[in-house]
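Asker: I am attaching a structure below and will ask some questions about it afterwards.
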Amino acid sequence: MNWITYRGVELKRVIALLLLSCVIQFPALGQKAATKSGASADSAPASRSAAASRLPTKEEVDVAMTRSFGYEPAISWTVIEIRASPVPGVADVVISINKQAAQHMYLSEDTQNAIIGEMIPFGPNPFLQDRAKLASADGPARGSQTPAILVVEFSDLECPHCKASQPIIEKLVADFPQVRFVFQQFPLPASMHPWAMKAAEYSDCAGQLDSTSFWKYTNAVFENQGGITLENADSKLGEIATATGLDAPKMAACAALPATDVRVKKSLDFGTSLDVHETPTIFINGRRVLSIANIPYESLKKLVQFEIDHAGK
């Protein structure tokens, strides 16, 4: 997802500059924004006891965000999830700014400081945990049956960035026959992409009815993305099925089955377990790669070859 602009400047950059110039101020966890006597949320936090060490609540995050950004009506946010991070004493707040792609805000439980950004795996075998999870990827696959590495893509058929990435994936498939490529459905919420879930169900059914036609059908949906709306999705997706040699009535019947909905939601849950919050998200031998359409292709090839060379080491 791209960041929208506000007064000619990307909001992501605006917020980053604000964070550089001032720390997001969070009320000490367990401390209310204002006391009954009218003490301000700006008051210096009292010393924290061991019992107060806990994750912040959504309400506390909202209070802190309002204190930092409430002066600007153009900035809104949604707190998606609050959880412990891999670093002791640091909470991971997953938040969406202005309905854009989710991002992480890492909040110190002992100080009123936060960092917005990505925490990257780091160490001699940094992608081991995700690689182990990805071994159970069960989406449509192509490539080697005895692969050097797995490349797993979480994608949304209504996502324009996924459409831009698809020709790049096709080139990688051709250039790396020793790799196995797996496609996982990850339709974003209807508030963002209204017909993405329906497209995922039709696409899933393409794989169920004819696994070799799945890739042709999926690419055709991407190509016709601009002409599909929530209102015409069934007819357009059926037309694409016919054009790619599939039985449109069977596709529609399959897409309406509860079992199809279960399969798509299983793929969504799988992505969520891997902290997928935006599309496309690609895992190359367990290494998370975002925005592949913005990576020079030769650099991307080097990355894939690097992971092949380090597989099993």
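Asker: State, to one decimal in nm, how far the label point of Ala311 lies from the label point of Ala256, with both points 7 Å from Cα in the Cβ direction.
Answerer: Modelled inter-label distance: 4.3 nm.
Asker: Right, something else. Can you find, among Leu257, Trp215, Tyr202, the residue farthest towards the positive end of the dipole of the range 128-310? Put +1 on the C-beta of Lys and Arg, -1 on that of Asp and Glu.
Answerer: Highest projection toward the positive end goes to Trp215.
Asker: If you average the alpha carbon positions of the range 56-125 and of the range 268-284, how far apart do those two centres end up, in angstrom?
Answerer: When both Cα centres are located, 19 Å separates them.
Asker: Peptides 251-261, 231-241: what's the order by average Cβ count within 10 Å, highest mean first?
Answerer: Details: 251-261: 16.0, 231-241: 18.5.
For the peptides 251-261, 231-241, the packing ranking is 231-241, 251-261.
Asker: What ranking do 213-221, 270-278 get when scored by the average of other Cβ atoms within 10 Å per residue, highest first? Walk me through the intermediate numbers first.
Answerer: On the way: 213-221: 20.3, 270-278: 18.0.
Per-residue Cβ counts within 10 Å, averaged per peptide and sorted highest first, yield 213-221, 270-278.
Asker: What fraction of the DSSP beta bridges in the range 128-310 is antiparallel, stated in percent and rounded to the nearest 5?
Answerer: Antiparallel: roughly 65 percent of the beta bridges in the range 128-310.
Asker: If you don't mind, another one. Can you tell me which of 144-153, 106-115 comes out highest on packing, and rank the rest after it, using the mean Cβ neighbours within 10 Å? Walk me through the intermediate numbers first.
Answerer: Numbers: 144-153: 18.7, 106-115: 17.0.
Top to bottom by mean Cβ count within 10 Å: 144-153, 106-115.
Asker: Work through the residues other than Ser85 whose Cβ is under 14 Å from its Cβ and net out their charges, Lys, Arg +1 and Asp, Glu -1. Walk me through the numbers before you get to the answer.
Answerer: Values: positive: Arg54, Arg83; negative: Glu81, Asp92, Glu109, Asp110, Glu118, Asp275.
Around Ser85, the charge tally is -4.
Any read-out appearing in this document is the output of simple, stated calculations on the displayed coordinates, not a laboratory observation. Bear in mind the structure is a predicted one, so any value in this text is a computation, not a measurement. A quick note on method: Cβ atoms are made from the backbone with ideal geometry, for glycine too, and the neighbour counts reach across all protein chains shown.
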